[in-house]
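See below for the structure under consideration.
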Amino acid sequence: MARPFDRIIDFIYRKATRREKHHGRLTFLWGLFFFSAVLSTIILAILTDKMLNINAWPPKPVNLICAAPLLIAGIWLWLWSVLIFFKSRGTPVPVSPPPKLISTGPYACLRNPMLSGVFLMLFGIGFLFQLVSLIVLYTPLFILIASLEFKLIEEPELEKRFGSAYVEYRKRVPMFIPRFGRGGH
C-alpha cells in the first residue's frame, strides 16, 4: 500500500543515490527553500508582534542573557553538523547527501543536529529581538512542521537508502534532543 509521501521519498532517493552527488541547481533551490522558510518564520513573528501590539519580552538585559547561550549553541551545532557533511563529501540538502550514514560527532547524540541547531537559533533570535510570538508560537510550530517532514519523508528515505543500519541507528539515537544521564551519550 502506497504511503502519502512515497513519490517524494522516491524522488529524494533517486537524487541521493545518483553518481553525481552535487546537483547544482536542485541543491541550491532546496537550500534556498529551507533558508526562506526560516526567514519567513522570523518575519511572520515580527509582523505578528507588531500587529497584535505585543510588548517586547523579556526585558533588556535578560533577553541577551537568554539569547546568547541559545545562539552560540545553535550556531555551533549547525556549523559542526554541516562541516561533517562536507567532510563526508555531501551537503545538508537531502538530494545531495553524504554517500554513507553519518553517526559521528553530533550525529552520535542526535539524528538531526542541524535542525536542532536551527531550533536553538530561532529561540535565540526570539529572545534577542524580544519577539514573543517567535518564542511561544512560531518556533514551536516550525519544530512541529520540521519534525513531521523529518519523520514522514526524510527518515523513510534514509531507511530505504541505508536499510537496517539506519533502523538500528534510529533506535539508538534520539531525533532532536540528546539523552542525558544513564543510557545517554
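The values are calculated or read from the model by the stated rules, or taken from the named source; none is laboratory data. Fair warning: this is a prediction, and the values are worked out from it, not measured in the lab. Note that each Cβ is placed from the backbone with ideal geometry, even for glycine, and that neighbours are counted across all protein chains shown. Quick note on the areas: whole protein, heavy atoms, side chains included, nothing else; ligands and nucleic acids left out. Shrake-Rupley method; radii C 1.70, N 1.55, O 1.52, S 1.80 Å.
Test of understanding: what is the full-extension gain from Leu101 to Phe129, defined as 0.36 nm times their sequence separation minus their Cα-Cα distance?
Full extension from Leu101 to Phe129 adds 6.4 nm.
The range 31-88 to the range 132-185: how many Å between their Cα centroids?
After rounding, the separation between the Cα centres reads 19 Å.
Quick one: plug the Kirkwood hydrodynamic radius of the range 13-93 (C-alpha pairs) into Stokes-Einstein at 10 °C, 1.306 mPa s, and report D in µm²/s.
100 µm²/s
Heavy-atom accessible area per residue, the range 32-185, 1.4 Å probe: how many Å²?
Ligands and nucleic acids excluded, the result is 55 Å² per residue.
For Ala68 and Leu47 in the same chain, what is the full-extension length gain: residue separation times 0.36 nm, less their Cα-Cα distance, in nm?
5.2 nm
Nearest 500 deg cm²/dmol is fine: what mean residue ellipticity at 222 nm does the chain get from its DSSP H runs of n ≥ 4 alone, each adding -39,500 (n - 2.57), divided by its residue count?
-19000 deg cm²/dmol
Quick one: pull the percent of accessible area on the chain belonging to carbon and sulfur, 1.4 Å probe, ligands and nucleic acids left out.
Details: 7720 of 11080 Å².
With neighbouring chains kept in place, the figure for the chain is 70 percent.
Beyond 19 Å, how much of the Cα-Cα pair distribution for the range 94-185 remains, as a whole percent?
Working: 1973 of 4186 pairs.
Cα-Cα pairs in the range 94-185 separated by more than 19 Å: 47 percent.
Using the beta-carbon distance between Trp57 and Ala108 and R0 = 41 Å, what value does 1/(1 + (r/R0)^6) give for FRET efficiency, to the nearest 0.05?
FRET efficiency, Trp57 to Ala108: 0.65.
If you look for lysine pairs in the chain that are eight or more places apart or on different chains, how many of them have Cα atoms under 28 Å apart?
Lysine pairs meeting the criterion: 21.
Write down Rg/Rh for the range 87-144, rounded to two decimals, with Rg from the C-alpha atoms and Rh from the Kirkwood relation over Cα pairs.
Taking Rh as the inverse mean 1/r over Cα pairs, Rg/Rh reads 1.11.
Please report, in whole Å³, the volume per residue of the convex hull around the C-alpha atoms of the chain.
133 Å³
Using a 7 Å offset from the Cα along the Cα-to-Cβ direction at both Ile75 and Ala165, what is the distance between the two label points in nm, to one decimal?
3.4 nm
Does anything in the range 64-101 have its amide N under 16 Å from the 7 Å Cα→Cβ label point of Phe33, and if so which residues?
Residues 92-97 qualify, since their backbone N sits under 16 Å from the label point.
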